[in-house]
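Participant: Let me give you the structure first, and then I'll get to my questions.
Nothing in this text is a laboratory measurement; each read-out follows from the coordinates by a stated rule. This structure is a prediction, so every number in the text was calculated from the model and none was measured. With ideal geometry, Cβ positions are generated from the backbone for all residues, glycine too; neighbour counts draw on all protein chains shown.
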Amino acid sequence: MTSPRPEGWIATRGTPLRGEVGVPGDKSVSHRAVMLAALADGTSRIDGFLEGADTRATAAIFAQMGVRIQAPSASVRIVHGAGIDGLRAPAGVLDCGNAGTGMRLLAGLLAAQPFDSVLAGDASLSRRPMDRVIEPLARMGAVIDAQEGGLPPLRIRGGRALRGIEFDSPVASAQVKSAVLLAGLQAQGVTSVREPHPTRDYTERMLSAFGVDIDFSPGRARLRGGQRMRATGIAVPADFSSAAFFIVAATLVPGSELRLRSVGLNPRRTGLLAALRMMGADIVEEGRASRGGEPVADLVVRHAPLRGIAVPAELVPDMIDEFPALAVAAACARGTTVISGAAELRVKESDRIAAMAAGLRALGAEVAERADGAVIEGGALAGGAVESLGDHRIAMAFAVAGQLADGEVAIADVANVATSFPGFDELARQAGFGLRAR
Ligand code: S3P
């Protein structure tokens, strides 16, 4: 038996990927489900909740503020909502762990509460910019102190009466949009947000499911403050970003035919499917349905040779979390892949452009880093040692690279995979990956 939280992995070629895989619940949806259920009136049930460290940290934060949350079985939460005015002042610091979504959305949510609070995170989160939420929230009347450079921990001064704003977001970020909307729900007057490019709209859809009157269309959202939320049931779809590693692996490994069950296909998340199809991938959607108001389908992925492409800029925000997986696909394709317009990747859980460029080079690939992307020459990968920089998606992407490399790929620092995909290694082995703890 391998330890459930190994320090590192050795990834080697396995067998063709075959059979069926069910990946865990969506991280973005799980965070939001707990937050809105906690602030709603009445009892909500969440099915398919992601049992990851990030989403559990968010649930623990609401428990610290007096919300009763039961876990009758894995992936189920019963949340006894406290109402928008029913949270209790927390005794200590609120620990968001590794979760940018947790911290940024909570900043908006807590800015209008009557008590002070402090949001902190792990070493990676402590390096991520929070000024992007502090600035619009301050315009609404919030008082949030950060460390030098707008970094966490955040000290939120409660008891402020917030005013609605018209916010033209300079950055295409669902977290920023969501923080402003959650503050706006508790502000006087109307709050509206416009984005430079439409981002995932889970907050808008879920506010609506909780009975909030909100107008939204791609790239814009508008609501009136002072509305209460009513408890509801939330069915969380399987996380596309977790499925992405299996999609790329099954595409690359000859002889593979893998079915990914009931994957969330929100159009603001599936840019990777479009890019891989442009590269020649064979991915079929079967049994389209709706789960909790979100489109889902089984994805049947068969091996196909890939060719490099210039990734269209308009796809980038729809695949921002899939860059590590795409970079591996590009390194194994025929020809050159160019990714640009993706500067946001520098401020994710790690600098994902630098992390992927360094790791792929260690495996013999030719990669030129750009400020906002990378140029990746496809070819054969060799074995080697790579660093995940403590970033879950970098670790999983190199586990995929190991399925193609001509030698062992040693991946350091993989414990953070538990933030978004606990049990990845076990599931990957079942599907055919060569992957072991080291
Ligand atoms: C998320 C939004 C994205 C994404 C992150 C989850 C969300 O971040 O990268 O993994 O749940 O709203 P940005 O809002 O910073 O683009």
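Participant: As a check on your grasp of the helix formula, calculate [θ] at 222 nm for the chain: sum -39500 (n - 2.57) over DSSP H runs of n ≥ 4, divide by the residue count, round to the nearest 500. Each step should come with its number before you reach the end.
Facilitator: Details: 12 runs with 125 residues, N = 438.
Value at 222 nm, helices only: -8500 deg cm²/dmol.
Participant: Rounded to whole Å, give me the distance from the Cα center of segment 6-47 to that of segment 116-148.
Facilitator: Distance between centres, Cα-based: 26 Å.
Participant: Another question, then. Compute the length gained on full extension between Asp213 and Ala368: take 0.36 nm times their separation in residues and subtract their Cα-Cα distance, giving the result in nm to one decimal. Provide the component values of the computation, followed by the final result.
Facilitator: Numbers: separation 155, 0.36 × 155 = 55.80 nm, distance 4.74 nm.
Extra length from Asp213 to Ala368 when fully extended: 51.1 nm.
Participant: In whole angstrom, note down how far apart the Cα centers of segment 412-438 and segment 177-229 are.
Facilitator: Centre-to-centre (Cα) distance: 36 Å.
Participant: For the chain, build the charge dipole from Cβ charges (+1 Lys, Arg; -1 Asp, Glu) around the Cα centre, then report which of Gln430, Ala304, Ile134 sits farthest towards its positive end.
Facilitator: Toward the positive end, the furthest listed residue is Ile134.
Participant: Within segment 186-206, what residues put their amide N at less than 17 Å from the label point 7 Å along the Cα-to-Cβ vector of Ala161?
Facilitator: Only 186-191 fall inside the zone, counting backbone N under 17 Å.
Participant: Can you tally the net charge around Gln227? Count Lys and Arg as +1, Asp and Glu as -1, for every other residue whose Cβ sits under 13 Å from the Cβ of Gln227.
Facilitator: On the way: positive: Arg222, Arg224, Arg228, Arg230; negative: Asp41, Asp85, Asp213, Asp215.
Within the 13 Å Cβ shell, the charges total 0.
Participant: Here is a follow-up. How much length is gained on full extension from Glu286 to Arg438, taking 0.36 nm per residue of separation minus their Cα-Cα distance? Provide the component values of the computation, followed by the final result.
Facilitator: Details: separation 152, 0.36 × 152 = 54.72 nm, distance 3.76 nm.
Taking Glu286 through Arg438 to full extension adds about 51.0 nm, to one decimal.
Participant: How large is the dipole of segment 148-305 about the Cα centre if only Lys and Arg carry +1 and Asp and Glu carry -1, each at its Cβ, rounded to the nearest 20 debye?
Facilitator: Rounded to the nearest 20 debye, it is 580 debye.
Participant: Could you give the size of the charge dipole of segment 327-438 about its Cα centre, using +1 on the Cβ of each K and R and -1 on the Cβ of each D and E, expressed in debye and rounded to the nearest 20? Numbers along the way, then the final one.
Facilitator: On the way: 10 positive and 14 negative charges, 31 e Å.
Computed charge dipole of segment 327-438: roughly 140 debye.
Participant: Let me ask another. Give the peptides 79-85, 245-251 in descending order of average Cβ contacts within 10 Å, highest first.
Facilitator: Result, highest mean Cβ count within 10 Å first: 245-251, 79-85.
Participant: Let me ask something additional. Can you tell me the alpha carbon radius of gyration of the chain divided by the globular rule-of-thumb value 2.2 N^0.38 Å?
Facilitator: Numbers: Rg = 21.1 Å, N = 438, 2.2 N^0.38 = 22.2 Å.
For the chain, the normalised Cα radius of gyration comes out at 0.95.
Participant: I've got another one for you. Just to be sure I understand the model, the point goes 7 Å from the Cα along the line to the Cβ. What's the resulting Val347 to Gln188 distance in nm?
Facilitator: Distance between label points: 3.1 nm.
Participant: For the ranges 323-336, 157-170, 191-204, 26-39, what's the packing order if you count other beta-carbon atoms within 10 Å of each residue, average per peptide, and put the highest first? Before the final figure, lay out each step's value.
Facilitator: On the way: 323-336: 25.1, 157-170: 16.0, 191-204: 21.5, 26-39: 28.3.
Final packing ranking: 26-39, 323-336, 191-204, 157-170.
Participant: For segment 235-280, what mean projected area does the convex hull of the alpha carbons give, in nm²?
Facilitator: Values: hull surface 13.7 nm².
In nm², the orientation-averaged hull projection of segment 235-280 is 3.4.
Participant: Here is a further query. For segment 327-342, what does the Karplus curve 6.51 cos²θ - 1.76 cosθ + 1.60, with θ = phi - 60°, yield as ³J(HN,Hα) per residue in whole Hz, taken in order and with x for Gly and Pro?
Facilitator: Running phi through 6.51 cos²θ - 1.76 cosθ + 1.60 with θ = phi - 60° gives 4, 5, 4, 5, 5, 9, 8, 8, x, 9, 10, 10, 10, 9, x, 10 Hz.
Participant: Taking 0.36 nm per residue of sequence separation and subtracting the Cα-Cα distance, how much length would be gained by fully extending the chain between Ser73 and Glu7, in nm to one decimal? Working shown, then result.
Facilitator: Details: separation 66, 0.36 × 66 = 23.76 nm, distance 2.79 nm.
Result: 21.0 nm gained on full extension.
Participant: Would you mind putting 148-154, 229-235 in packing order, based on average other-beta-carbon counts within 10 Å, highest first? Let's see the in-between values first.
Facilitator: On the way: 148-154: 16.1, 229-235: 18.9.
Highest to lowest by the protection proxy: 229-235, 148-154.
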